[in-house]
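Asker: Please find one structure pasted underneath; my questions will follow.
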Amino acid sequence: GGRAAGSAADRSTRVRVGSTSLVRRGRYLDWVIGCRELVHARTGGKVGYVHVPDMEESGYAHFSRQFLAECHHARRVLLIDLRGNVGGVTSDVLVAKLTQRRVAIEQPPHGRPDSIPCHATPARLVVLVDENTCSDGELLGAELAAVAGALLVGSPSWGGVIGMGETELVDGTTVSHPSYAVRMDSGAALE
């Protein structure tokens, strides 16, 4: 009466449940990959895609990894997706990187051509924003439009660019508002 080797009773399946943050990160990365694949498929690979979730260290790390993969000589346009960007303080660093233009193409005897400078931004930038793009994310879109002639598309952003403050009303409701006004040299107000 012993059990046969390899029976259902001998086999077990282990399931490891990830934390909510790991699951959220996995879903986010899947979403970014899906967006990138859609952009590549619809444009024949001529448009690169980068999503920037925030303007902090982690958002800059996401940007850097994607940017290096998406900027090469075959890309004519780079789509910078700022939808849902919660802001931070790195817009000036991204503007410096995104305004570095290609001046030549280096063609080795074997292998793939490369831009000079290496990983230069394509000539055209498109910036996608939505109502959940806020703070330094909004500023990045406006800066790229002003400095690099980027085309801003999407829905109007939140409008609370710098130093958001909060005020609690007597009924307990919290209202967020910008603490400083940002006026572009063109005269446009972002708030």
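The values are calculated or read from the model by the stated rules, or taken from the named source; none is laboratory data. A quick note: this is a predicted structure, and the numbers were derived from the prediction, not measured. Note that we place each Cβ from the backbone using ideal geometry, even for glycine, and neighbour counts take in every protein chain shown. Heavy atoms of the whole protein, side chains included, go into the accessibility calculation; ligands, DNA and RNA do not. Shrake-Rupley method; radii C 1.70, N 1.55, O 1.52, S 1.80 Å.
Asker: If I ask for residues that are among the aliphatic types (A, V, I, L, M) and modelled with pLDDT of 95 or more, which ones from the range 78-92 would you list? Reasoning before the result, please.
Answerer: Let us first name the residues in the range 78-92 that are among the aliphatic types (A, V, I, L, M), namely 78-80, 82, 86, 89.
Across the range 78-92, the qualifying residues are 78, 79, 80, 82.
Asker: OK, next. Inside the range 166-191, can you point out the residues that are more than 30 Å from residue 97 (Cβ to Cβ) and either in contact with a Cys (Cβ under 9 Å, 6 or more places away or on another chain) or not hydrophobic (A, V, I, L, M, F, W, C) (or both)?
Answerer: Keep residues of the range 166-191 that are more than 30 Å from residue 97 (Cβ to Cβ), which gives 166-175, 177.
Within the range 166-191, 166, 167, 168, 171, 172, 173, 174, 177 meet the criteria.
Asker: Restricting to the range 107-166, name every residue that is hydroxyl-bearing (Ser, Thr, Tyr) and either under 18 Å from the mean Cα position of the chain (by Cα) or closer than 23 Å to residue 57 by Cα (or both).
Answerer: 121, 133, 135, 155, 157
Asker: Now for a separate question. Within the range 103-119, identify whether any single residue is touching a helix residue (DSSP H, G or I) at 6+ places or on another chain (Cβ under 9 Å) and under 23 Å from residue 35 (Cβ atoms), and answer yes or no. If you could, list the steps in order and put the result at the bottom.
Answerer: Just the residues of the range 103-119 that are touching a helix residue (DSSP H, G or I) at 6+ places or on another chain (Cβ under 9 Å), to begin with: 119.
Next cut, under 23 Å from residue 35 (Cβ atoms) only: 119.
Taking every residue of the range 103-119 in turn, at least one turns out to be touching a helix residue (DSSP H, G or I) at 6+ places or on another chain (Cβ under 9 Å) and under 23 Å from residue 35 (Cβ atoms).
Asker: Out of all the residues in the range 74-92, which are part of a loop (DSSP other than H, G, I, E, B) and either under 24 Å from residue 135 (Cβ atoms) or out of contact with any strand residue (DSSP E or B) (no Cβ under 6 Å at 6 or more places or on another chain) (or both)? Give the steps one after another, and end with the answer.
Answerer: Residues of the range 74-92 part of a loop (DSSP other than H, G, I, E, B): 74-76, 82-87, 89-90.
Of everything in the range 74-92, those that are part of a loop (DSSP other than H, G, I, E, B) and either under 24 Å from residue 135 (Cβ atoms) or out of contact with any strand residue (DSSP E or B) (no Cβ under 6 Å at 6 or more places or on another chain) (or both) turn out to be 74, 76, 82, 83, 84, 85, 86, 87, 89, 90.
Asker: Tell me the strands (runs of 3 or more DSSP E) entirely within the range 93-191 that contain at least 3 residues that are open to solvent by 50 Å² or more (accessible area, probe 1.4 Å). Outline the logic, then answer.
Answerer: Working: elements: 104-106, 114-116, 124-129, 151-154, 165-168, 174-177.
Output list reads 151-154, 165-168, 174-177.
Asker: Next question, about the same structure. Can you pull out every residue in the range 1-43 that is modelled with pLDDT of 75 or more, part of a loop (DSSP other than H, G, I, E, B) and of a type outside the set (D, E, K, R)?
Answerer: 12, 13, 15, 19
Asker: Another question, then. Please count how many residues of the range 144-175 are in contact with a Ser or Thr (Cβ under 8 Å, 6 or more places away or on another chain), on the phi < 0 side of the Ramachandran plot and free of Cβ contacts under 8 Å to residues at least 24 places away in the same chain.
Answerer: Number satisfying all stated conditions: 6.
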